[in-house]
Amino acid sequence: MQTLTLNNGVQMPALGLGVFQTPPDETRAAVAAALDLGYRHIDTAAAYGNEREVGQAVRDSGVPRDDIFVETKIWISDYGYDETLHGFDKSATKLGVDRIDLLILHQALPADFDRTRAAYRALEKLLADGKVRAIGVSNFMVDHLTALLDATAVVPAVNQLEIHPYFQQRAVLDFDDEHGILNQAWSPIGGITFYPGYGENRRSVLEDTVVTGIAEAHGKSPAQVLLRWGVQHGRSVIPKSTRRHRIGENIDIFDFELTADELKALDALETGRRGGPEPEAVTLAKYGRAIPEA
């Protein structure tokens, strides 16, 4: 497994298993399969409602805890200094761990950014106290990052974003690169582009002829090509699946390399269309919900 070095020196596997929208009972089986197949990075979130099952699968796997990189996220309802410290306690208890490898803020709250800053200062405290190994953010745009960096001391180690060939967020990627923030891709194979919520523009990047042509040339699947595209650009990728054969397929991307022309062809698929929520539209009134106690 290829690893990436975060800006504080922590090593993180380049590829991990995501468990967004995975029901709790399926989460345990998916994480168990992933760890059995060689994954050593699991990405979850308080808002996913499956941290407890991730922790159970990690403990039952037989893989030493220190060999598994566990990442989770604080939901916006738990922003604020004391609230975020308590959010860590809830997540750590559900996961059954004393220390979380990477803890990030799930979204910015643009209309209430003071709460976002306070939440990040709590992450800094947790980092200083050794309760987390690295801290970061998710779905933060350039203006959010600029405001955060102006008010805090620790540069985020990671910014987790929607990144796939149809939506590449290059301005944010460039800003992150300039400031030593690792870009981490959620929906790295573009799954969100064929969800019903994508609207009339719904289509699968996995069926794009550019992607399928490159896949045929390498004897790989379209999903493997898209994951390889992300890794070759120096990003972390966290594909999700609950099917063992797909989980195994997704990790099998380290035995081939895309050419410079193939990378350029995939880069050229940009549509500028976001699949996830508009970051500026995220508010407590619209998206806030209580995260249960441990």
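The values are calculated or read from the model by the stated rules, or taken from the named source; none is laboratory data. Quick caveat: nothing in here was measured; it's all calculated off a predicted structure. Positions of Cβ are generated from backbone atoms using ideal geometry, with glycine treated the same way; all protein chains shown enter the neighbour counts. Only protein heavy atoms, including side chains, enter the accessible area calculation; ligands, DNA and RNA are left aside. Shrake-Rupley method; radii C 1.70, N 1.55, O 1.52, S 1.80 Å.
Of all residues in region 4-38 being among the hydroxyl-bearing types (Ser, Thr, Tyr) and surrounded by 15 or more Cβ atoms within 10 Å (Cβ to Cβ), which is farthest from the chain's Cα centre (by Cα)?
THR27
List pairs: first in region 131-145 and over 13 Å from MET12 (Cα atoms), second among the hydroxyl-bearing types (Ser, Thr, Tyr), Cβ under 8 Å, 6+ apart or cross-chain?
VAL137/TYR120; HIS144/THR116
Take residues that are more than 30 Å from PHE113 (Cβ to Cβ) and more than 22 Å from the chain's Cα centre (by Cα) and tell me which of the helices (runs of 4 or more DSSP H) falling wholly in region 207-294 contain 3 or more.
Here the list reads 209-218, 260-267.
If you go through region 152-170 one residue at a time, do you hit one that is open to solvent by less than 50 Å² (accessible area, probe 1.4 Å), part of a helix (DSSP H, G or I), of a type outside the set (Gly, Ala, Ser) and in contact (Cβ under 8 Å) with a residue 40 or more places away in the chain?
Among the residues of region 152-170, not one is open to solvent by less than 50 Å² (accessible area, probe 1.4 Å), part of a helix (DSSP H, G or I), of a type outside the set (Gly, Ala, Ser) and in contact (Cβ under 8 Å) with a residue 40 or more places away in the chain, which makes the answer no.
Does GLY130 fit the bill of being outside any helix (DSSP H, G or I), at pLDDT 95 or above and over 30 Å from ARG246 (Cβ atoms)?
Judged against the criteria, GLY130 is a match.
Among the listed residues GLY180, GLY199, identify the single one that is at pLDDT 90 or above, over 23 Å from ILE251 (Cα atoms), not aromatic (Phe, Trp, Tyr) and not in a strand (DSSP E or B).
After ruling out the rest, the residue left standing is GLY180.
Per-residue answers, yes or no, for (1) open to solvent by 50 Å² or more (accessible area, probe 1.4 Å); (2) assigned to a helix (DSSP H, G or I); (3) over 30 Å from GLU207 (Cβ atoms):
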site	(1), (2), (3)
LEU126	no, yes, yes
VAL137	no, no, yes
HIS144	no, yes, yes
ASP150	yes, yes, yes
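Of the residues ALA14, ALA33, ALA29, only one is in contact with a Leu (Cβ under 8 Å, 6 or more places away or on another chain) and of a type in the set (Gly, Ala, Ser); which?
Sole residue among the options that is in contact with a Leu (Cβ under 8 Å, 6 or more places away or on another chain) and of a type in the set (Gly, Ala, Ser): ALA14.
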